[in-house]
1. Would you compute, from DSSP H runs of 4+ residues alone, the mean residue ellipticity of the chain at 222 nm, taking -39500 (n - 2.57) per run and dividing by the full residue count, rounded to the nearest 500?
2. At residue 38 and residue 24, where each label point lies 7 Å from the Cα along Cα→Cβ, what is the point-to-point distance in nanometres?
3. Multiply the residue separation of residue 66 and residue 49 by 0.36 nm, subtract the distance between their alpha-carbon atoms, and state the gained length in nm to one decimal.
4. Return the FRET efficiency for the residue pair residue 16, residue 57: r is the Cβ-Cβ distance, R0 is 22 Å, and the value is rounded to the nearest 0.05.
5. In terms of the Cα gyration tensor, with a ≥ b ≥ c the square roots of its eigenvalues, is the chain rounded because a/c is under 1.5, prolate because a/b exceeds b/c, or oblate?
6. Using the Karplus curve 6.51 cos²θ - 1.76 cosθ + 1.60 with θ = phi - 60°, work out ³J(HN,Hα) for each residue of region 17-34 in order, rounded to whole Hz, and write x for Gly and Pro.
7. Quote the relative contact order of the chain in percent (integer), defining contacts as alpha-carbon pairs under 8 Å separated by 6+ residues.
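No value in this document is a laboratory result; all are computed from the given coordinates. Keep in mind that what you see is a predicted model, and the values were worked out from it rather than measured. Every residue, glycine among them, receives a Cβ derived from its backbone with ideal geometry; neighbour counts consider all protein chains shown.
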Amino acid sequence: MRGPPLVTSRQLKGDQDARKRFEDAALEALSRCFPMSITPAFGAILGESPIRLRFVNTPPTAAYQINNNITIFAPQ
């Protein structure tokens, strides 16, 4: 791992207090995971690929997974 987690985007729903609690909980979850121990075999698979995590605080929607990188969401 080359550095701490980086928030690249956020779109939180709910009032200010709910958004703050969600953001705090997401950051706390990440803090329990890092630093991450990566075995040499897993490191070889990862290479230079970033690890992307998505925390969602909205109701589930229908989704279609095209491949590892593309998901199409179709809100009902």
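1. Values: 2 runs with 25 residues, N = 76.
Dividing the helical sum by the residues of the chain leaves -10500 deg cm²/dmol.
2. Placing both labels 7 Å along Cα→Cβ, they lie 3.2 nm apart.
3. Values: separation 17, 0.36 × 17 = 6.12 nm, distance 1.93 nm.
The residue 66-residue 49 span can extend by a further 4.2 nm.
4. Details: r = 13 Å, r/R0 = 0.61.
So, using R0 = 22 Å, E works out to roughly 0.95.
5. Numbers: a/c = 2.94, a/b = 1.30, b/c = 2.27.
Since a/c reaches 1.5 but b/c is at least a/b, the shape of the chain is classed as oblate.
6. Here the 3J(HN,Hα) series is 5, 5, 4, 5, 5, 5, 4, 4, 5, 5, 5, 5, 4, 5, 5, 6, 8, 10 Hz.
7. Working: 29 pairs, mean separation 17.9, N = 76.
So the answer I get is 24 percent.
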